[in-house]
Structures are given as structure tokens and as C-alpha cells.
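The values are calculated or read from the model by the stated rules, or taken from the named source; none is laboratory data. Predicted model only: the values in this text are computed from it and were never measured. Quick reminder, even Gly has a Cβ in these numbers, built from the backbone with ideal geometry, and neighbours come from all protein chains shown. Side chains are part of the model used for accessible areas, which takes the heavy atoms of the whole protein and leaves out ligands, DNA and RNA. Shrake-Rupley method; radii C 1.70, N 1.55, O 1.52, S 1.80 Å.
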Amino acid sequence: MVPRIARLRRKRRDGPQVWTLDLELEDRHASEAPRFAPGQFNMLTVFGVGEVPISVSGDPAAPDRLVHTIRSVGAVSSALTRLAPGAAIGFRGPFGTGWPMEETVARDVVIVAGGLGLAPLRPALYRLLADRLRYGRIVLLYGARSPEDILFRSELESWRRRLDIAIEVTVDHATSAWRGRVGVVPALVARADFDPLHAIALVCGPEVMMRFAVAALRDAGVADESIYLSMERNMKCAIAFCGHCQLGTVFVCREGPVFRHDRIRGLLALKEI
Amino acid sequence: MAAEAVVTLEGVQALLDGLRRNGYRTLGPTLRDQAIVYDDIATIDDLPRGWTDEQDGGRYRLLRRMDDALFGYAVGPHSWKKYLHPPLLRLWRAEHDDGGVRVVAEPDPTDKLAFIGVRSCEIHALAIQDRVFLEGAYVDPHYRARREGNFIVAVNCGQAGGTCFCVSMGTGPKAQSGFDLALTEIVDTSRHAFVVEVGSEAGRRMLGEIPHRSPTPDELDAADAVVTRTEGAMGRKMQADDVHELLLRNLEHGRWDDVAQRCLTCGNCTMVCPTCFCTTVEDSSDLAGRETSRTRRWDSCFTMDFSYIHGGSVRASTSSRYRQWMTHKLSTWFDQFGTSGCVGCGRCITWCPVGIDITEEVTAIRDSEPR
Ligand SMILES: Cc1cc2nc3c(=O)[nH]c(=O)nc-3n(C[C@H](O)[C@H](O)[C@H](O)COP(=O)(O)OP(=O)(O)OC[C@H]3O[C@@H](n4cnc5c(N)ncnc54)[C@H](O)[C@@H]3O)c2cc1C
Ligand code: SF4
Ligand code: SF4
Ligand code: FES
């Protein structure tokens, strides 16, 4: 329950109100660099302000660099993004279940991300691309609010030049300079090239977007057991003590945040659960 | 576990003295602000001797008894969780200087706690919170520090409260395990004695330190009769065998809107419940920013903040919050922790300002289940 101390090493702007922070644990001994699985999250504290859950957005192959991509929306997240390099940050983690990376082997992998939902999916992409031959087709469908909200732009550009990953980006609101697609991300599913019978889908974004994405994936023929979602709930502890993250029968911090769709299907359909 | 001994009023005093001599902080029921609450006690005169309570939905009243019983009442607004899972607890402090930060976990008190007069439903509630804080993937060190080495003096209820339904929940009124010593109070015109059962080695040692004698067959019969009488006098009942599935099947039942017309979302029910464990945290800083800290306090699923995520609450309506609370207590707790989250103590019924009754709500759903 007591946070460790991490230092802010590097800070990059990744969109309006969005910053990517590289942290390094101060008390780290080589042997105890916290290995994390793609999809897991950490609890970050700004001392005197508060603590919030933030997904790991970095490369699992480089665990010493604790990378987090944060949108400034309120007290703690804005304080995090205002910190200067060298600042101390309280760190607890990693927590939660990650993406089912073992299940992706030899299958087509469809990644559907909305907004900041791309952040917790980036570690999965690093893992897939690092060992590209183990997988079938890889499709990334990503929706952002506007062109300037697109996260990890230069990285997406360089991945786009690869021939072994299909990337489709859409925006809700285009600017005159935008040459790409306009519209919601679930609409990209029907046009994407993958084999629904052998595909696995990893989905993260606002809950409404995930509902539509799941519907589109099922329409395309992907089975419920092959769709995984990362859920979001208020979190105060991340260790199943505070009760805040309950989603019906489960704790999002303990059984989640990544869930197989068929295991929470009933809950996802309910209002205000 | 067989009844092994009988002690008198003086024996109960000797038990308190013995526990204190052995370094225990003795905590038990006492009279304050027109209610029976838990506090430090030193003598049997600190107990609500000769008092009883009358409880119903939204109603609690103390009355004099015709006799001098030490434990002749049901549970009040407090539960033992206030000692094990404090309402307000600093978790850590951090000292900041010249860019350096040192985080120091809050030290826990080292005194051993003895709980006097723990009811069977409350023993079950302790076991339920043990599952939450001690038996999952993470252990709460603060709860553990307070819980370890507890001495539990159980009391088998001699009187059912007006809102009790432990018989329905299989949690009482007789304590079966989880205690060091268990007392059954026998009080009538000719005698005032306590039949004692031993539940642990620590209990056996403690019994050895206080004056006691063997029970007579008549005393054993009288003790059994006390429990049987209480069993037959439960203020409430609830069909619990299938309630887990019943509520999960009816998450969209119209009754949730009906109860929302009455519920004030005050959260009283969660505060008095002996198993509710939810908390929130608050961070603070001194003016100079040289010291910051985090404090944890009891929270309630009835607040809007509880489920707040970006710009709104997941559970904005009263019906969704009541549904969260009741389904958690009676249903989803099984999925999360393998037990019920309700022990049938009746506190949430008594202390609800508008008298909403969990047993009645279950029955209403059961009787009007859409098929
Ligand atoms: C598993 C998980 C992973 C997340 N990953 C990221 C990420 O990678 N990047 C990112 O920018 N955001 C992420 N979030 C959301 C982030 O935690 C919230 O934006 C943040 O808690 C807002 O806190 P605040 O104090 O800035 O905002 P305020 O509006 O002041 O919030 C007040 C309090 O409400 C709670 N809260 C508010 N919004 C959320 C929320 N969306 N989720 C959980 N609790 C919330 C927090 O306890 C917060 O302290 C994640 C959330 C979860 C549950
Ligand atoms: S839900 Fe009500 S009856 Fe059940 S344990 Fe909690 S306070 Fe007691
Ligand atoms: S059920 Fe009663 S005690 Fe609980 S929040 Fe509603 S009004 Fe308050
Ligand atoms: S975040 Fe506290 S229980 Fe999950």
C-alpha cells in the first residue's frame, strides 16, 4: 500500500493535453525491475495531490523504462502532466490482468483502439511486432477525436511503412488538411482484412465505443471467446480492498482490466452497473 | 464444542481483570447517547447491565429490563470492524527534502484486543472481512496488525433483535466457532450465571485463571433453552438459499425503482454494516510541502463519487446504487469472496432513516419475478 519512489526521466507531448512520461524507479535493483505484461497498469501518485491508475504504454522488452501516456483531465492527471523531469512520483504496480498474448500466437490479431485506448495496447503491439513471424495478419484500427489527437504519430507512420501490419486510422472531426478517414472506429471492422474464424480481437476505448466495436466484430464473425476488452472503473487501491472498481461480480483491478467478452457480456449490456 | 464450566457475575469480572492482566485492551458494549455501542470497558458495570433494546425498521430504543442481565440486548449501531478496519486511518507519510522523498508506512498499534460480547453473526462478519483483507492475493497489513491475537469472548444471544435474521443466514444465534470463550447467560429469579464453552487454547488458559465450576445438567438445559428461545424469536426472516441467482436474474427488476423512491442514499446502511469494507483515500500536504500523507476512510457505494469516471458517475441513479449495495451484500459477494456479504444482523434495517428492509426487498423481488 506504500508507494515506491520513481523519477520522471523524460516527457513528450503526444497530443493536446496528452503527455507520455518515462519513469525510472529510484530504489530499483537490477533483479527487481518490475516486469509487466502488456495491458497491465500502475498506480501513480503525485505527492500531496492523489493517486490514479495509468496503463503501461511502453515496451515490455524494456521494463526499466516505465512508460505511461496520460491525458490531463482532472486533479491528479493534470498534476502528473505538469511535473518536470527529475520530479518524484509515487509508484505501485504492476496490477491487473494483461492482454492474452499467448492466445494470439498463430492467429490473426485485430486491435481496435479508441482515443487513449491505444496506450494500453501499444505494449501488445511491440510484443507482436518484435516476434512478427509467430502471428497471422495484424490489423490495427484506431480512432481519434481529431487529427491532432492521434497518439504516437511518428511510430504509427513508421509501422505504416511495414508491409506486415495493416493500419487504419479514422477521426471523428477532420481538419481541412486531413486526407484520411472520417467516422467512428467500429465502422472500420467490416472493411478490415482478417479471417474472423481464426482472429483474436483486443479492444480498448470508451465503453460506448467498445460496445459498438464488439457488435461489429461479432457481425464480422468473430466469436465472443475471441474478443478481449479492457474495462475502466474508478479505482482507489488496485488490490481489491477499496471496492470502487466493482463491475457486478468482478473487481476490475483484480479480474481485469482485460476481460474476455463472453465473461462480462451480461454486465456490459446493463446500464449503470 | 461442549459447555465446560459455569462462572458467576464475579467470574465475568475476573475474566475482564484476567484479560487486562494479560495485556489485552478489553472492548465491549456500553451505554452511550441512548444506544449500545462498543468502547473500552474495565468492569461489568461498564456493560449495559439491566438494559435491552427495541428495534424495528428505522427505529431503535433502549428499555429497562426486568432483570439484571449483562448481555440482554441485540447488536447496536457499532460493529467490531471499527477496531480492525478503522473508519479513518493514515496509511503513510512522506517526507520531502531537497528533491529527496522518504515514504514511511504508518506504524500500527501493538496492543492486543479482546472483544467482549461478540455475537455469532459478528463472528461470521469477522470471518468475512478476514477473507477480504487477509485471504486474497494481497494482505492489508493494518487489518492484520489489529486482527492478530484477538481474544474473542462470544455471547450466545439471549434475545433476538427486532430486525435480526441470523437464523435465515445460518449465522446464529449460537456461536459455533471462531471464539476463545463463549458465554450463555442464564438469568432468572433464582440465579444469574454464565455457561462457558472453550473454543481455543488461549480460552482454556484464560478459563484456568478465573473462578469457575462444572455445570449442572440443569444449567446445561437452561443454556440450550436460551438459544432455542432466541432462534424462535427472530424479528425478520429471508429465504437465502437461492438469493445469489435470484438477484443476478433480476438486475433489471422494477423493484429497484420502487426502493429508489424511498432510499435517501444517505449510506447509513453501509456504515453500520459489519461486513461493508469499501474505502476511499485522500492525500494531503502541509503548507510547506515538506510532508505529504495519504489517509484512508470508509466510503459508501451510495455516494456519487464512488463510481465517478471521467465526467460522470457510472451509477448516477438511486436505483442503480441501491442495486449495487444489495446485490453486493447478497449475491456478487459470493462470486468475489466465496461467501455471503450479509450475516443477517439487521443493522441496516434498524439504522435506515426510512426503514428500508433488505429482507422485504428480497421478498418483493422474489414474489414479483417476471417469468
Ligand atoms: C485500468 C485503468 C487504466 C487507465 N489507463 C490510463 C492511461 O493509460 N492514461 C490515462 O490518461 N488515463 C488512464 N486511465 C484513466 C485515469 O485513471 C483517469 O483519467 C484518472 O483517474 C483521472 O483522475 P484525475 O484526478 O485527474 O481526475 P478527476 O476528474 O479529478 O477524478 C477524481 C477521481 O476520480 C477517479 N477517476 C476519474 N476518472 C477516472 C477514470 N477514467 N478511471 C478511473 N478512475 C477515475 C480517480 O480516483 C480520480 O482521482 C485509466 C483508468 C483505469 C481504470
Ligand atoms: S447487510 Fe444489513 S443485515 Fe446484512 S450484515 Fe450488513 S447490516 Fe447486517
Ligand atoms: S437503504 Fe436506507 S440506510 Fe441505506 S442508503 Fe438508503 S436510506 Fe440510507
Ligand atoms: S481498485 Fe480498489 S477494489 Fe479495485
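Over the residues of chain A, the helix contribution to mean residue ellipticity at 222 nm works out to -5500 deg cm²/dmol, using -39500 (n - 2.57) for each DSSP H run of at least 4. The simple spin-label model puts a point 7 Å past each Cα toward its Cβ; for B:GLU4 and A:ASP131 those points are separated by 5.9 nm. Solvent-accessible area lost on pairing A with B (1.4 Å probe, both sides summed) amounts to about 3300 Å². Protein heavy-atom accessible surface, 1.4 Å probe, per residue over region A:101-230: 45 Å². The residues of region A:4-95 present an accessible area of 38 Å² per residue when probed at 1.4 Å with all protein chains retained.
As a calculated quantity, the FRET efficiency between A:ALA177 and B:ARG61 at R0 = 51 Å, using C-beta atoms, amounts to about 0.10. For region B:274-302, a reduction of at least 50 Å² in accessible area between the chain on its own and the assembled protein chains (probe 1.4 Å) is found at B:ASP283, B:ARG294.
Each other residue within a Cβ distance under 12 Å of B:GLU245 adds +1 if Lys or Arg and -1 if Asp or Glu, for a net charge of -2.
What ranking do B:289-299, B:238-248 get when scored by the average of other Cβ atoms within 10 Å per residue, highest first?
Top of the packing list down: B:289-299, B:238-248.
Shown for region B:114-149: residues covered by the partner protein chains by 30 Å² or more of accessible area relative to the chain by itself (probe radius 1.4 Å), namely B:TYR138. Residues in region A:184-189 carry Karplus couplings, in order, of 8, 5, x, 5, 6, 4 Hz; the curve used is 6.51 cos²θ - 1.76 cosθ + 1.60 with θ = phi - 60°, and Gly or Pro positions show x.
Here chain B is treated with +1 on each Lys and Arg Cβ and -1 on each Asp and Glu Cβ, and its dipole about the Cα centre works out to around 420 debye. Give me the Kirkwood hydrodynamic radius of chain B, using the inverse of the mean 1/r over all pairs of distinct Cα atoms, in Å to one decimal. This gives a value of 22.1 Å. The packing ranking, built from the mean of other Cβ atoms within 10 Å per residue, places the peptides B:347-354, A:199-206 in the order A:199-206, B:347-354, highest first.
Under the Kirkwood approximation for Rh and a Cα-based Rg, what ratio Rg/Rh is obtained for region A:4-95?
Ratio of gyration radius to Kirkwood radius: 0.93.
In the context of the full set of protein chains, chain B has a per residue accessible area of 41 Å² (1.4 Å probe). Modelled spin-label separation between A:ALA190 and B:GLN176, with each label point placed 7 Å from Cα along the Cα-to-Cβ direction: 5.9 nm. The distance between label points at A:ALA223 and B:ASP40 comes to 6.4 nm (points 7 Å beyond Cα on the Cα→Cβ vector).
Binning the C-alpha pair distances of region B:189-295 at 10 Å intervals from 0 yields a P(r) profile of 9, 16, 21, 19, 20, 12, 2, 0 %, listed from the shortest bin outward. In region A:218-238, the residues that give up 30 Å² or more of accessible area when the other protein chains are added, compared with the chain on its own (1.4 Å probe), are A:GLU232, A:ARG233, A:ASN234, A:LYS236.
Expressed as a whole percent, the accessible surface of chain B that belongs to carbon and sulfur atoms is 50, based on a 1.4 Å probe.
Rolling a 1.4 Å probe over the protein heavy atoms of chain A, with every protein chain left in place, gives an accessible area that is 51 percent carbon and sulfur.
Starting from the Cα coordinates of region A:101-161, work out the convex hull volume and express it per residue in Å³.
About 81 Å³ per residue, rounded to a whole number.
For region B:72-82, the Karplus equation 6.51 cos²θ - 1.76 cosθ + 1.60, evaluated at θ = phi - 60°, returns couplings of x, 8, 9, 6, x, x, 8, 9, 5, 4, 5 Hz by residue, with Gly and Pro reported as x. In this entry, chain A is assigned a mean projected area of 14.3 nm², taken as a quarter of its C-alpha convex hull surface.
Computed over chain B, the per-residue total of -39500 (n - 2.57) for DSSP H runs of n ≥ 4 gives a 222 nm mean residue ellipticity of -8500 deg cm²/dmol, rounded to 500.
In this view, the solvent-accessible surface of A:ARG127, computed with a 1.4 Å probe and all protein chains in place, comes to about 90 Å².
From the Cα gyration tensor of region B:180-251, with a ≥ b ≥ c the square roots of its eigenvalues, which class applies: rounded if a/c is under 1.5, or else prolate if a/b is larger than b/c, or else oblate? Here region B:180-251 falls in the oblate category.
Per residue, the convex hull around the alpha carbon atoms of region B:95-242 comes to 187 Å³. Taking a quarter of the surface of the Cα convex hull of region A:101-230 gives a mean projected area of 7.2 nm². Compactness of region B:26-134 is given as radius of gyration and Dmax, 18.8, 69 Å, from Cα positions. Calculate I(q)/I(0) for region B:91-168 by the Debye formula, one identical point scatterer on each C-alpha and no solvent, and give its log10 at q = 0.17, 0.24, 0.26, 0.27 Å⁻¹ to two decimals. One equal scatterer on each Cα of region B:91-168 leads to -0.83, -1.14, -1.21, -1.25.
Taking region A:215-273 on its own, what percent of its Cα-Cα pair distances exceed 15 Å? That tail contains 50 percent of the Cα-Cα pairs. Here is the P(r) of the protein assembly as shown: all C-alpha pair distances, binned every 10 Å from 0, give 3, 15, 22, 21, 17, 12, 7, 3, 1, 0 in whole percents. Applying 1/(1 + (r/R0)^6) with r as the Cβ-Cβ distance of A:GLU103 and B:ASP305 and R0 = 41 angstrom yields a FRET efficiency of 0.65. The calculated P(r) of region B:243-368, using every Cα pair and 10 Å bins from 0, goes 12, 39, 32, 10, 5, 1, 0 in percent. Measuring between alpha carbons in the structure, the pairs from B:LYS81/B:LYS112; B:LYS81/B:LYS329; B:LYS82/B:LYS112; B:LYS82/B:LYS329; B:LYS112/B:LYS174; B:LYS237/B:LYS329 lying more than 21 angstrom apart are B:LYS112/B:LYS174.
Shielding value for A:243-253 is 6, the average number of Cβ atoms from other chains within 10 Å of each residue's Cβ. Other protein chain C-beta atoms within 10 Å of residue C-beta, averaged over B:306-316: 5.
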